[in-house]
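Report on the structure given below.
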Amino acid sequence: MRNLLLILTLNLSFHTVFGNIPDILEDRLRLASSDTAKVMVYNQFARDLMEGGTSDYYQIQRFLMQGGISQNFHYALQYAKQGLELAEQARWDKGRAELHRTIGIAYFNLQDFDKTIEHYGLAFEICEKLQDKNGMALNLYNMGLVYLNQLTRLYHSLTLVQQALLIWEQLGNIAFMTRAYSIIVRIHLLVGEYQLAHELAEKAVIFAQKNGNKREEASLYQRLAEISNRTGDTKAEIEYWQKALQIFEELDDRIQVARITAASVETIYSQDSEMAIDLLKKSAAIYEELSQNDRGLFPLYNILTNE
């Protein structure tokens, strides 16, 4: 709820502007004591617009999966570019790198993938110059996601994410290592390398458990369920779905409970059709209560209509 209120506040602020800058941003800029501080104000404001005002990766992904607020990406791009211009004037490389990455995120969500790659690439070059290894890895990872999202050059995407993983392994960053492994597993799954995908997913689960990241662990169980589905191992598939479902129920993430319930129905239907239909209805009810515009709801209606 706090994140939703922040987004509504940011959107309402555009109705009362001062010099084409929202009041809330103008107030933050007044408090900034230097140009570099103002650069980061622009950057954070743009990020808040795109990410729902949270730094939690999984909350951000949920916000984006629910559609975000599309106009926010245009506004974020506008203010990130203003921040970049100020960073250029201040000749502050760290700020330039951050703003190029933020601009890349905005373009990614606006589906301008050429511009996305351009700005991630510029951010990577600056981070390389600064010997900012984590920054280099983040931009390699992000570029890999672009190619993965387009389902083009999947092995190039794999190479980029593997390079990011290597850096994070050197830094001992288990959280980002787990995230990278998850993407690598997804790529191997897409290209039909199921055994390798399974082995890496099991390894990634261990990292997620060590890091105490229950959401990533649950997501990896989802991926293992998909792999088991492709290999025809129905028993394992259901077990992995149940593990993922249990975690999301413990986290009280009802939207993910709805998604997993819907995703597991096809396999369950082959064994117990009545149970499968009941699960579909449960999933649809959660969507209707919490997220009526969620794109996961409409396929459920289609299935239930045909039953």
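Table for the structure above
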{"quantity": "Theoretical gain in end-to-end length, Gln78 to Leu171 [0.36 nm per residue, Cα-Cα removed]", "calculated": "30.1 nm"}
{"quantity": "Filter on Lys129/Lys214; Lys38/Lys115; Lys94/Lys115; Lys115/Lys243 - keep pairs with C-alpha separation over 31 Å", "calculated": "Lys129/Lys214; Lys115/Lys243"}
{"quantity": "Quotient of Cα Rg and 2.2 N^0.38 Å for region 103-176, N being how many residues it contains", "calculated": "1.06"}
{"quantity": "Fewest-first ranking of Thr178, Thr231, using other Cβ atoms within 10 Å as the exposure measure", "calculated": "Thr231, Thr178"}
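Laboratory data are not the source of any read-out in this text; all were calculated from the coordinates shown. Being a predicted model, the structure only gives us computed values, none of them experimental. Here the Cβ is made from the backbone with ideal geometry for all residues, glycine too, and neighbour counts use every protein chain on show.
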